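Asker: The structure under discussion is supplied below as structure tokens; questions concerning it will follow.
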Amino acid sequence: MPSTLTLPPVLANTVVILGTGGTIAGTAASAQDNLGYTAAQRSVADLLAGLPPSAPALAGITVEAEQVAQLDSKDMDPITWQRLVMAVARHLARPEVVAVLVTHGTDTLEETAWLLQRVLAPAKPVVLVAAMRPATSMAADGPQNLLDALAVARTAGARGVVVMLAGRVHAAGAVRKVHPYRPDAFGSGEAGPLGVVEEGVLRRFRDWPAGTPLGAGVLSGDVAGWPWVEIVTSHAGARGDAVRALVAAGVQGLVVAATGNGMVHQALEVALAQAQAAGVTVWRTTRCADGALVGPDAGPAAAMTPWQARVELMLCLLLSARGGG
Ligand code: SIN
């Protein structure tokens with residue numbers, strides 16, 4: 001009789017924290033300096049080591065730290081996005097990993113969150129976590145945000161890409177930076193936050209983010225081949241010259257941050273029509289802080305912020321270039 005080998009079940013208790021930089025890893029010369037700091041100085045392993053070992057959020061789990069990048073998120077770029085998406089996908093595929101956390105600067109976090117959600121739409125939680133005060137500040141918010149992110153990551157049934165800051169959890173599809181200085185710098189527009197973390201417990205108001213993943217493969221290969229998509233804004237005194245210059249330089253997609261319900265200055269309108277005729281894909285969004293474009297011509301980016309739409313259009317063009325869209 002053939003013998004069967006029974007392997008012990010894998011204990012799923014590992015959380016991976018991927019570091020990318022940001023203010024959460026920033027340092028200043030003085031504990032009172034919340035402005036003149038340099039972002040992305042401390043390693044994610046250091047941030048982890050700074051958490052109280054007896055914190056309930058750390059109990060009974062193995063936490064691994066990996067430095068994927070070390071940058072101020074204003075400088076986020078395709079190669080770092082590619083490296084991050086691949087790292088998140090690789091760790092999520094490990095059976096012992098229950099969740100992935102990503103430390104990130106607040107400035108472009110909403111763009112990375114949307115990219116991760118659209119590409120991976122993970123069945124496990126991916127929690128982006130940030131801070132508005134540097135690690136050296138007497139009011140550093142990073143450690144508490146990290147503990148809260150771990151609490152979200154460990155919540156039964158958690159899934160999708162979410163963002164943790166100042167006690168509030170935001171879904172990737174709704175989050176946007178709404179304040180340049182306050183510790184609670186993120187909002188979720190009209191949708192409101194997904195939930196709040198109170199004393200290590202998530203109180204959830206809405207469903208976890210879900211969707212069909214495009215798959216990490218969409219971002220594989222040379223990032224030099226990623227489509228070039230820019231954002232142009234309609235405003236008083238707008239001119240078409242910027243659009244014409246972009247088209248001449250080879251732009252492939254344009255997201256218009258239009259006024260109100262998708263209105264565009266007449267000078268810009270002419271240039272955008274010419275861009276479309278030249279083969280550039282043009283999507284409209286609103287520059288209003290809340291709401292979505294309304295009406296039959298609202299288009300595919302109606303409910304997106306201009307920054308989210310830029311990511312979406314880039315993915316859309318990438319897919320169609322590869323014959324998938
Ligand atoms: C950054 O986005 O990397 C710097 C600003 C911040 O994290 O708040």
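Taken together, the values in this text are just the output of simple stated rules run on the coordinates, not laboratory data. Note that the structure is predicted; figures quoted are calculated from it, not measured. Counting neighbours? That spans all protein chains shown, and the Cβs are built from the backbone with ideal geometry, glycine included.
Asker: What does region 166-218 give for Rg and for Dmax, in Å, if only its C-alpha atoms count?
Answerer: Rg and Dmax of region 166-218, Cα atoms, are 13.2, 39 Å.
Asker: Please list, in order along region 46-51, the HN-Hα scalar couplings obtained from phi with the Karplus expression 6.51 cos²θ - 1.76 cosθ + 1.60 (θ = phi - 60°), rounded to whole Hz, x for Gly and Pro.
Answerer: With the stated coefficients, region 46-51 comes to 5, 4, 5, 5, x, 7 Hz.
Asker: Which of the peptides 313-319, 267-273 is most tightly packed, and how do the rest follow, going by the mean number of other Cβ atoms within 10 Å of each residue?
Answerer: The peptides rank, most packed first, as 313-319, 267-273.
Asker: Let me ask another. Which far-off residues, 5 or more places away or on another chain, put their amide H under 5 Å from the one on K124, with H placed in the peptide plane?
Answerer: G160
Asker: Moving on to the next point. If you wrap region 235-281's Cα atoms in a convex hull and average its projection over all directions, what's the area in nm²?
Answerer: That works out to 3.0 nm².
Asker: Same structure, new question: Using the Karplus curve 6.51 cos²θ - 1.76 cosθ + 1.60 with θ = phi - 60°, what ³J(HN,Hα) values do you get for each residue of region 101-112, in whole Hz, with x for Gly and Pro?
Answerer: 9, 10, 7, 8, x, 6, 5, 10, 4, 5, 6, 5
Asker: What residues qualify as long-range amide H neighbours of T136, i.e. H under 5 Å apart, gap of 5 or more or another chain, H built at 1.01 Å from N?
Answerer: Here the answer is A28, since their amide H atoms fall under 5 Å of that of T136.
Asker: Report, in cubic angstrom per residue, the convex hull volume of the C-alpha atoms of the chain.
Answerer: Value for the chain: 172 Å³ per residue.
Asker: Using modelled backbone amide H atoms (1.01 Å from N, in-plane), which distant-in-sequence or interchain residues come within less than 5 Å of T62's amide H?
Answerer: HN-HN under 5 Å from T62: T14, V15.
Asker: To continue, here is another question. From the backbone phi of region 261-270, what are the Karplus-calculated ³J(HN,Hα) couplings (6.51 cos²θ - 1.76 cosθ + 1.60, θ = phi - 60°) in whole Hz, Gly and Pro given as x?
Answerer: 8, x, 7, 10, 3, 4, 5, 6, 4, 4
Asker: Here's another thing I want to ask about it. Find the Rg to Rh ratio for region 98-248, where Rh is the Kirkwood radius over alpha-carbon pairs and Rg uses the same atoms.
Answerer: Here the Rg-to-Rh quotient is 1.04.
Asker: Next up: Hey, any idea what Rg/Rh is for region 22-73, computing Rh the Kirkwood way over Cα pairs?
Answerer: That ratio is 1.05, to two decimals.
Asker: Additional query: For region 9-127, taking Cα atoms only, what is the radius of gyration to one decimal and the Dmax to the nearest whole Å?
Answerer: Spelled out, the Cα radius of gyration and Dmax of region 9-127 are 14.9, 50 Å.
Asker: With bins 10 Å wide starting at 0, give me the P(r) of region 248-325 over every alpha carbon pair, in whole percents.
Answerer: Final binned percentages: 19, 49, 29, 3.
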